[in-house]
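Accompanying notes for the structure given below.
The values are calculated or read from the model by the stated rules, or taken from the named source; none is laboratory data. Treat the numbers as computed from the prediction; the structure is a model and nothing was measured. Here the Cβ is made from the backbone with ideal geometry for all residues, glycine too, and neighbour counts use every protein chain on show.
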Amino acid sequence: MELIRWFFKKILFNRLAFIVAAMVLQFSILINVILRFNEHFTFFYGGNLLLSVLLVWRVANNRSNPVYKIAWIVLIFILPIFGALFYIFFGGNKLSRRTRKRMKFIEEKTKEILAPYPKQLILDEIELRNQDAANQSRYIQNYSYYPPYKNTICEYLPTGEKKFKRLKEELEKAEHYIFMEYFIIEEGIMWNSILDILVEKAKRGVDVRVIYDDVGCLLKLPYRYDKKLERMGIQCCVFNPLLPILYPRLNNRDHRKIAIIDGHTGFTGGINLADEYINQIEKYGHWKDTAIMLKGEAVNNLTVMFLTMWDFIRGINEDYSQFKKNSPLEVQGSGSGYVQPFADNPLDDEAVGETVYLNLINKAKRYIYITTPYLIIDNKMATALKSAAKAGVDVRIITPHIPDKRYVHAVTRSYYKILIESGVKIYEYIPGFIHSKTIVVDDEYGVVGTINVDYRSLFLHFECGVWLYDSSSIFDMKEDFLSTLNVCKQITSEDLKNIKFYEKWMSSVLRILAPLM
């Protein structure tokens, strides 16, 4: 009886099982229609060939990354029927007129809200100190619309455990509002203890809002969990709900991790709200992750980031001034350096995250230290890393030793050879899985955020990061990187020779389609 009850609850009535079954049914109907057309082979073949040619022409002429284009073109030609169908339903980023209008509205509102800040004065100040730094900051401001700030204290958090502790401490101090936006939320020690604080704060009149990504939480949270939170007094939005139909927006996910308390304190980084991130459970060995806490003016960027996403999902036009009055711009102590939180989205044809990384790599003079769970790069990124190493820059990258997705890790390892041959040093984190997304350069620059060095983060997901210049946190990031190297193994050319033939062959095949993973 227990087995039957488990089957009905976990399998038959599971939301994912229902969605998969619905999509399989739709594909089956499409295949059946195609097979019926097969009776008229000449017309069917000609029509299909024409459709494939038109789709290839469309792919070749859109603004997406060239490697992303090649992957789709290869798939369409290898599987002319199903490749074309996959592209129609899951390829490209063409928006409906209504969505384009909403996105444009959010873009304009972001610029309007952030315009009053003395951003040009700060940019001029940066320019007097370092022209390269000013150019990088200006790019972020002009194309992500988020300006740089001073008067902000940064605290680099080198583990999930430290982020969890600091987050709970700050949540307990909330008086006006708490905003949280996460790719993954899962019931357990971490989330449940945070939820207790949120419920208590909501009872006291604090405006508590939560956004979570539907795909990220599909197997983590019960169906309609947002309604459960609403009954607790917590406002909740689900980003891009997964529907049991074939539709092209499935790939665009909200991968950001943001927490904001009263507009003066904010967190972001790689750490989601689930127990593996604080090593309360073990999934892939020891979980290494990082975050950053901001106190001061720069938190305003994170607040606007959250509110524009909230308005986008709910289709509303909120008055942001009510959140400004509770955002003290003076903080105890003095923040060091310049802080610029920024956002990236896949729908504006501007790869802000990739460009920020490339600007840092191309301007490096002494060293580049990168941590990333996935290393799936296009030719621009590979060329930048190789060129820096060939010029004598100390380029080091840490990736996981124990993968969370074996096929993705196989693709990551397929890039080792070309990088190592150029002088890039690759290390694997032996205790387990490294999920942090950081880059630190020349004791001058750093980025902490949610942006993996892979196609999904750089081109398909909504992401965010914090660009740092001349901040004391940069030295904390460097120290953390170097201490992490002590438990890493450097991958050498000899190690690559020991990879089995079939693994190399499989990696080569997967690498062609890597942009679609």
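Conditions (1) over 17 Å from Tyr284 (Cβ atoms); (2) touching a Lys or Arg at 6+ places or on another chain (Cβ under 8 Å); (3) polar (S, T, N, Q), marked per residue:
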| position | (1), (2), (3) |
| --- | --- |
| Val408 | no, no, no |
| Ser414 | yes, yes, yes |
| Lys417 | yes, no, no |
| Ile420 | yes, no, no |
| Ile439 | yes, no, no |
| Asp442 | yes, yes, no |
Checklist outcome for this item: Requiring at least 1 residues that are small (Gly, Ala, Ser) and either touching a helix residue (DSSP H, G or I) at 6+ places or on another chain (Cβ under 7 Å) or closer than 18 Å to Lys478 by Cα (or both), the helices (runs of 4 or more DSSP H) wholly within the stretch 372-450 are 379-390, 406-414
Checklist entry - Taking the stretch 385-414, which residues are small (Gly, Ala, Ser), under 20 Å from Leu496 (Cα atoms) and touching a strand residue (DSSP E or B) at 6+ places or on another chain (Cβ under 7 Å)? => result Ala389
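Each row is one residue, and each column tells you yes or no for (1) acidic (Asp, Glu); (2) assigned to a loop (DSSP other than H, G, I, E, B).
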{"residue": "Phe179", "(1), (2)": "no, no"}
{"residue": "Glu187", "(1), (2)": "yes, yes"}
{"residue": "Asn192", "(1), (2)": "no, no"}
{"residue": "Asp196", "(1), (2)": "yes, no"}
{"residue": "Val199", "(1), (2)": "no, no"}
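Sort out which residues of the stretch 473-501 are part of a loop (DSSP other than H, G, I, E, B) and not polar (S, T, N, Q), and write them in order of number. Working first, answer last.
If we filter the stretch 473-501 for residues that are part of a loop (DSSP other than H, G, I, E, B), which is where we start, we get 486-487, 492, 498-500.
Correct list: Val487, Ile499, Lys500.
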Item to check | Filter pass, Tyr146 being in contact (Cβ under 8 Å) with a residue 60 or more places away in the chain, among the hydroxyl-bearing types (Ser, Thr, Tyr), within 29 Å of Thr484 (Cα to Cα) and not in a helix (DSSP H, G or I) | outcome: no
Next on the checklist: What's the total number of residues in the stretch 162-186 that are charged (D, E, K, R), in contact with a Phe, Trp or Tyr (Cβ under 9 Å, 6 or more places away or on another chain) and over 21 Å from Gly446 (Cβ atoms)?
Outcome noted: 2
Checklist entry - Would you pick out the residues in the stretch 460-510 that are under 24 Å from the mean Cα position of the chain (by Cα) and β-branched (Val, Ile, Thr)? => result Val466, Ile474, Thr484
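For the stretch 248-302: of the residues being among the basic types (Lys, Arg) and within 20 Å of the chain's Cα centre (by Cα), which is surrounded by the fewest Cβ atoms within 10 Å (Cβ to Cβ)? Give the derivation first.
From the stretch 248-302, those among the basic types (Lys, Arg) are 249, 253, 256-257, 283, 288, 295; that's our starting set.
Okay, now just the ones that are also within 20 Å of the chain's Cα centre (by Cα), so 249, 253, 256-257, 288.
On the way: Arg249: 18, Arg253: 22, Arg256: 27, Lys257: 25, Lys288: 25.
It comes out as Arg249.
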Checklist outcome for this item: Of the residues in the stretch 492-503, those that are at pLDDT below 70 and either under 22 Å from Ile397 (Cβ atoms) or not assigned by TED's automatic domain parsing to the domain that holds Ile418 (or both) number 1
Checklist entry - Does the stretch 451-472 hold any residues that are touching a strand residue (DSSP E or B) at 6+ places or on another chain (Cβ under 9 Å) and not in a loop (DSSP other than H, G, I, E, B), and which are they? => result Val453, Ser457, Leu458, Phe462, Glu463, Cys464, Gly465, Val466, Trp467, Leu468, Tyr469
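Surrounded by 20 or more Cβ atoms within 10 Å (Cβ to Cβ) and charged (D, E, K, R): which single residue out of Glu354, Glu350 fits that description? Break it down into steps so the answer makes sense when it comes.
Values: Glu350 fails: surrounded by 20 or more Cβ atoms within 10 Å (Cβ to Cβ).
On inspection, the qualifying residue turns out to be Glu354.
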Next on the checklist: I want to confirm something. Restricting to the stretch 218-240 and keeping residues that are modelled with pLDDT under 95 and part of a loop (DSSP other than H, G, I, E, B), which single residue is nearest to Gly263 (Cα to Cα)?
Outcome noted: Asn240
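For the stretch 109-121, give me each residue that is among the aliphatic types (A, V, I, L, M), in a helix (DSSP H, G or I) and more than 25 Å from the chain's Cα centre (by Cα).
So the first thing to find is which residues in the stretch 109-121 are among the aliphatic types (A, V, I, L, M), and the list is 113-115, 121.
Then keep just the ones that are in a helix (DSSP H, G or I); that gives 113-114, 121.
Within the stretch 109-121, just Leu121 meets the criteria.
Just to be sure before I move on: is Asp124 more than 24 Å from the chain's Cα centre (by Cα) and modelled with pLDDT under 95 in the structure I sent?
On the way: more than 24 Å from the chain's Cα centre (by Cα): yes; modelled with pLDDT under 95: yes.
Yes, satisfied.
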Item to check | Lone unmet requirement of (1) touching a residue at least 24 places away in the same chain (Cβ under 8 Å); (2) more than 19 Å from Gly449 (Cβ to Cβ) for Thr371 | outcome: (2)
Checklist entry - Does Ala391 fit the bill of being surrounded by fewer than 19 Cβ atoms within 10 Å (Cβ to Cβ) and in the same structural domain as Tyr455 (by TED's automatic domain parsing)? => result yes
